[in-house]
Amino acid sequence: MRKLFLAALLLLCGIPVQELMAQSIASANMPEPPCIIYKTRHNYDKNVAVILSADKSKIISYPHPRDVFKNGTLCEPVRLARRYRLDRRGIGPNVAFLSITYEEYSKLQSAPSLEELEAMIIDRNPIKKMYRCDFPDAENRIGELNQLIKKGCKACKVL
């Protein structure tokens, strides 16, 4: 419980806590984040994602430059079968992509202002298809995930 409180406090202060949170989730036997797979209208693999409000009029969530890494690598999505991608960052149906790449963004000292981020949006409606799958440890089971995709994602929930 202490780790979760500390992680929440660090997050509120803008300090990256992904690794600490992953350890806390594992030690608390909490479920993993959902497996999100998606297709986009264009290739945005290297572009930073932000989350928009339900009406897509404003940014409601964006990463700090230190939070675009997972296990020491940039959070670019994993390429899957049939042009699907496996999310590694935490996106959803209201995602938008910025003109700045993960690599460029990771080198910034602090996150740009909301106004600057808004000006960087290159696509407010990039998603063609998106699914949430009950597929634990997806990054380590890409072959199985590709088989699920080839079968039409019938076991997944449309988002």
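The values are calculated or read from the model by the stated rules, or taken from the named source; none is laboratory data. All values reported here derive from a predicted model rather than from experimental measurement. Heads up, the Cβs are rebuilt from the backbone with ideal geometry, glycines too, and the neighbour counts pull from every protein chain shown.
Take the conditions in a loop (DSSP other than H, G, I, E, B) and hydroxyl-bearing (Ser, Thr, Tyr) and apply them to Ser57. Does it pass? Yes: the conditions hold for Ser57. On inspection, Asp67 qualifies as among the charged types (D, E, K, R) and in contact with a helix residue (DSSP H, G or I) (Cβ under 8 Å, 6 or more places away or on another chain). A single entry from Tyr131, Tyr84, Tyr62, Tyr105 fulfils the requirement of being touching a residue at least 24 places away in the same chain (Cβ under 8 Å), within 20 Å of Arg41 (Cα to Cα) and in contact with a helix residue (DSSP H, G or I) (Cβ under 8 Å, 6 or more places away or on another chain): Tyr84. Taken over segment 100-134, the residue count meeting the criterion of being out of contact with any Lys or Arg (no Cβ under 7 Å at 6 or more places or on another chain), more than 15 Å from Lys39 (Cα to Cα) and surrounded by 13 or more Cβ atoms within 10 Å (Cβ to Cβ) is 13.
The set of residues in segment 134-146 that are in contact (Cβ under 8 Å) with a residue 60 or more places away in the chain and either under 17 Å from Asp45 (Cβ atoms) or part of a helix (DSSP H, G or I) (or both) comprises Ala138, Glu139, Ile142, Leu145, Asn146. Restricting to segment 110-149, name every residue that is farther than 15 Å from Ile100 by Cβ and among the acidic types (Asp, Glu). Once the filter is applied, which keeps residues that are farther than 15 Å from Ile100 by Cβ and among the acidic types (Asp, Glu), segment 110-149 yields Asp134, Asp137, Glu139, Glu144.
Evaluate segment 74-85: report whether one residue or more is farther than 23 Å from Pro34 by Cβ and in contact with an Asp or Glu (Cβ under 9 Å, 6 or more places away or on another chain).
No, segment 74-85 contains no residue that is farther than 23 Å from Pro34 by Cβ and in contact with an Asp or Glu (Cβ under 9 Å, 6 or more places away or on another chain).
A residue that is aromatic (Phe, Trp, Tyr) and touching a strand residue (DSSP E or B) at 6+ places or on another chain (Cβ under 6 Å) occurs somewhere in segment 45-64.
For segment 59-74, check the following and say yes or no: at least one residue is aliphatic (A, V, I, L, M) and under 13 Å from the mean Cα position of the chain (by Cα). Among the residues of segment 59-74, at least one is aliphatic (A, V, I, L, M) and under 13 Å from the mean Cα position of the chain (by Cα), which makes the answer yes.
Here's the yes/no breakdown for (1) assigned to a strand (DSSP E or B); (2) modelled with pLDDT under 95:
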| residue | (1), (2) |
| --- | --- |
| Met21 | no, yes |
| Ile51 | yes, no |
| Arg66 | no, yes |
| Gly90 | no, yes |
| Leu108 | no, no |
| Ile122 | yes, no |
| Asn125 | no, no |
